[in-house]
Every structure is written in structure tokens, then in C-alpha cells.
Amino acid sequence: MSVEQPITAAQSQAALRWLGRIQQQPAQAEGAAFKRWLLESPAHRQAYAEAQALWRLSEAPAARLAAEEHQGLQAYLEAMRRPERKRPWRGLAVAASLVLALGFAAGWQPQFWLQDLRADYTSGAQVRQVTLADRSQLTLDAGTAVAVDFAHGQRRVRLLRGAAFFEVTHTGEPFLVDAQGGEVRVLGTQFEVRGQGDGAQVTVRSGRVAVTAAEGQPARELTASQQLVYADGVAGGVEAVDSDSRLAWRQGWLNYYQVPLAQVLEDLGRYYPGRILLLDGELAQRKVSGSFPVAEPLAALDSLGKVMGFERQTLLGRLTILR
């Protein structure tokens, strides 16, 4: 079972920042700070390599967009009330850097673009139904990408990001789901696998699955209305859950009981074609209970704002700031 370490959004953003600095000041590529950052993690080196590839592909569109949307970019900067920069533009490198930064702020994730190239099925800001070649049914949550391999006498689905609910057809061949270094083996079931940072969460609605947190680790068996989380190759305990409530996103609802606002915003963000930013770290940890429709994430934010005391501002139609 191959293991590929995921690149986080923060790592991709840091890579883009370093790339922008180096394009403006090439000497920074030999500086100690940049070298330390590269050596901190293999994911940093991979994120920077991907940023370089995206830069090469983006140069021409970035220059054109920077020229065409100059007034819009200025309006964005004024809306964010950033101090005016005194130094002049330094050609295409700075134009592309700003466009990439705006794209990232508006929800464009470079690692998602590369994952989509490897994926067989993706979902945008909506839930998507997929029928595989064996007639198994997949329900992809918003912001999900999966790769499928039915070769070598087994059926294997790799969760590249997001979450998927599986209804597996019995054919006699093994059905396996790979997610963040772990593996879920189907024993006859309906279940969800949701990527979570360096691990995944597995929730069973009916039947059974066997979950292996890492290669060589013992399998843990889950049955109906049970859930298990694993991370960094270590499996947590098996918990009893209300699986229908946890899986209500398939019917267009997100249900919560005493969870941090930050988690709710992260979930709503999957259904919003942009980026949601909360500027108050203390508010992010306040607990939320309730049910919210995924079809109207901004309406959900407005309802939360009335209860929790924050205001929403949406810029350029894609960047929503909560303060």
C-alpha cells in the first residue's frame, strides 16, 4: 500500500509566498531562511515544486489578467484596507504573484488542481453521484477527488481529498479504499471515508468494514453506526454515532452538536465557490449546534452571524470575510 503525504493548504500558500519573493529577489533562493523551510518537511519541497510548475503554466494568463483587471485588483486592495505599497511593480513576476495570491484567497488551491489531474472523478461545490464500472455507487461530497483502479483482480478507490459515501456491489473481488496512508476493506456495507489532515474518518451506515491505519498495522472492524478516526498511522477508538445524522450531507444538510465554529466554516466552505475567512481566532473556537442547508452557505453564515455576533463581507463575489 503506497503512502503519499498530503500537502496542506497552509504549505501550498507558504510555497507560493516563497516563489513570489524569489521571483522578485532571486538571491533569496540561496538564503538560510528558504533552505530551512525546504528542509523542515518533504511536503514543503513538494509544495514548492508544484508552485514552480503552476508558475510556468500561469505566466501568460497572469499577465493578461493583471492588465485587464487592474481596477478590480485595486478595489480589492482598498476593500481590505491594506497600506499602499510604495515600491513600483516589478514586471510579470509581481503581476503573476498578485494574481496567484488573489486566486488562492478566492478559493483556488494549487494542490487541488494537481490532484484533479490524477483523479477519475471530482466534485466542485456540489454533491455528485457516480456509478462505477461494477455498478457500485459513490456519493462525492463537495470538494472531493477520487482515483479508481479496477485492475489486478481487485477494486481500489483512492480518496485524494474530501469525502465519499460508498454503496458497494458484490462481485467477488475485493473492494478497497485508500485514504491518507490507511486502507478500508469492504466486508459488505454502506460507509463514508472522509479525509482529515494526516488521516481519515470512517463512518459505517450498514454492514461491516475493516480499517487499517497504516501498512503492517492490525485491522479494526466497524459495524453499523460506528466510527473510527486514524491519523499518522495510529487508529483511535471505535465510537457509536448517529450515522444518518453524520451522513446527512448526502441529503443537503450539515448537522452539528457543540462543535467549534471553525469546523462549521470549514465544512460550509466546501459548498462555497471561493474562500471563507474568519478573522477572530477566539470566535473560531466557540461552540455551535444546529442544522444548515449546504445549498445556501452564505445564508447559513448570515444566520450564524446573528447568533454569534459577526458580520459578513463578500468581495469580488468569491472572498467572504467574517469579522
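Details
- Longest to shortest principal axis, alpha-carbon extents of region 169-227, angstrom: 30, 23, 17
- Distance between modelled label sites at Glu311 and Gln217, nm, 7 Å Cα→Cβ extension: 4.6 nm
- Per-selection Rg to Rh, region 252-322 - Cα, Kirkwood hydrodynamic radius: 0.92
- Computed label-point distance, nm, for sites Ala32 and Arg323 using a 7 Å Cα→Cβ extension: 3.7 nm
- Pairwise FRET efficiency - Phe150 versus Ala284, Cβ, R0 = 45 Å, nearest 0.05: 0.60
- Note on region 119-246: Kirkwood hydrodynamic radius from all Cα pairs is 14.3 Å, rounded to one decimal.
- Potential extension, Ser291-Ala248 segment - 0.36 nm per residue separation minus Cα distance: 14.5 nm
- A protection proxy built from the mean count of other Cβ atoms within 10 Å ranks the segments 226-237, 20-31, most packed first, as 226-237, 20-31.
- Taking 7 Å steps out from each Cα toward its Cβ at Gln129 and Ser41 produces label points 3.8 nm apart.
Since every read-out is calculated from the coordinates, none of them should be taken as a lab result. Fair warning: this is a prediction, and the values are worked out from it, not measured in the lab. So basically every Cβ, Gly included, is an ideal-geometry build from the backbone, and we count neighbours across all protein chains shown.
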